Amino acid sequence: MTKPAYVAVDWGTSSFRLWLIGEDGDVLAERRSGEGMTTAAQTSFAKVLQAHLDAVSAPDTLPVIVCGMAGARQGWVEAGYIDAPTSLAAILTGAVSVPGQSRDVRILPGLAQRSQTVPDVMRGEETQLLGAIAADTRGEQLVCMPGTHSKWVRVLDGQVTGFSTFMTGELFDVITKHSILSHAVAGATDVPADTKAFEAALKAAFGTPALVTNLLFTARSGQLLNGLTAAGALALISGTLIGAEIAGALASAGRNAAITLVASGRLQALYEDAFRTLSLNYKTIDADAAVRRGLSAAAEAIWFKKESKN
């Protein structure tokens, strides 16, 4: 049986994912929970991690590589940021050690764009980026990582040249739960999704992103005047926000840029539909697979290449 080599952890704001990785790179065990940074900061990061390590019978000497919000200022140990523009390889060398641990625990840094006009940060997505784009990849890449705060990253010949954050997921949640449009979508989750309404709204917002707040209001006016269903209103809001996001992302990269979508589940299906509808060239990489590959690249750079030189 393959011996364990290290533990990989993706520690988000509200989620925790751990993989026990073998010497051959295979996943030997996996753990998932809702013990993200918010919970662990109130209890104990060390205790949360140890409980999951015990659950997978990880040896006491096994090193742990961590990405995500555990490295935030409010997290376990602040890992700081690597400034963009930067090489992908620079992320691998910026890991911070967690003091006071019996085992070697390292947390990867985030990325920062220190611009006066468009400052931006990411934490956790940089590791997905590592797993999605090889450090020696040539040419121009545009990487889309959808979520609560969607990230679009521009990569040229292994160099991160810039990135943009779009609050699409958070805005969708706020608008559908806490705005006047919440009345328009009541009961929408109990019926099948309205794909046609999503695609029509997507095209409208992509073509005229300056009208996004006007287009959003048609979820209510369309229901009052034209018989728009609750499912249609929900799809309209989603399509409008995603259409505006894609238009904004491509404004700095060009419509002909090849897109790498890093996603899984519902978001993968939603963004693939969006890209097909807009006739955009893309390929998809599973988000879980990408973050594991990124963490593996970091573990290799930190521990195993070092050992091979001795």
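Pairs please, first residue from the range 121-133 and touching a residue at least 24 places away in the same chain (Cβ under 8 Å) and within 11 Å of Leu92 (Cα to Cα), second anywhere and β-branched (Val, Ile, Thr) and not in a helix (DSSP H, G or I), Cβ atoms under 8 Å, 6+ apart in sequence or on different chains.
So the pair list comes out as Glu126/Ile82.
Output the qualifying pairs, or none if there are none: Cβ atoms under 8 angstrom, residues six or more apart or on different chains, first residue in the range 90-105 and farther than 12 Å from Trp76 by Cα and in the same structural domain as Asp60 (by TED's automatic domain parsing), second residue among the acidic types (Asp, Glu) and surrounded by fewer than 15 Cβ atoms within 10 Å (Cβ to Cβ).
Ser102/Asp60; Arg103/Asp60
State the number of residues belonging to the range 83-132 that are part of a loop (DSSP other than H, G, I, E, B), out of contact with any Pro (no Cβ under 9 Å at 6 or more places or on another chain) and of a type outside the set (S, T, N, Q).
Result for the range 83-132: 11.
Determine if the range 175-183 includes at least one residue that is surrounded by fewer than 20 Cβ atoms within 10 Å (Cβ to Cβ), within 22 Å of the chain's Cα centre (by Cα), without any contact (Cβ under 8 Å) to a residue 60 or more places away in the chain and part of a helix (DSSP H, G or I).
Scanning the range 175-183 turns up no residue that is surrounded by fewer than 20 Cβ atoms within 10 Å (Cβ to Cβ), within 22 Å of the chain's Cα centre (by Cα), without any contact (Cβ under 8 Å) to a residue 60 or more places away in the chain and part of a helix (DSSP H, G or I).
Suppose we keep only residues that are of a type in the set (Gly, Ala, Ser) and not in a strand (DSSP E or B) within the range 133-167. Which one would you say is nearest to Glu245 (Cα to Cα)?
Filtering the range 133-167 for residues of a type in the set (Gly, Ala, Ser) gives 134-135, 139, 147, 150, 158, 162, 164.
Right, trim to not in a strand (DSSP E or B) and you get 134-135, 139, 147, 158.
Details: Ala134: 26, Ala135: 27, Gly139: 24, Gly147: 12, Gly158: 24 Å.
Applying the filter and picking the extreme gives Gly147.
Give the residues of the range 19-34 that are touching a residue at least 24 places away in the same chain (Cβ under 8 Å) and under 12 Å from Pro4 (Cβ atoms), sorted by residue number.
Across the range 19-34, the qualifying residues are Trp19, Leu20, Ile21, Gly25, Asp26, Val27, Leu28, Ala29.
To keep it simple, each residue is scored yes or no on (1) at pLDDT 95 or above; (2) part of a strand (DSSP E or B); (3) in contact with a Pro (Cβ under 8 Å, 6 or more places away or on another chain).
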| residue | (1), (2), (3) |
| --- | --- |
| Ala29 | yes, yes, no |
| Ala41 | yes, no, no |
| Val48 | yes, no, no |
| Ala51 | yes, no, no |
| Asp54 | yes, no, no |
| Ser57 | yes, no, no |
| Leu62 | yes, no, yes |
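The values are calculated or read from the model by the stated rules, or taken from the named source; none is laboratory data. Source: prediction; values computed, not measured. Note: ideal-geometry Cβ built from the backbone for every residue, glycine included; neighbour counts use all protein chains shown.
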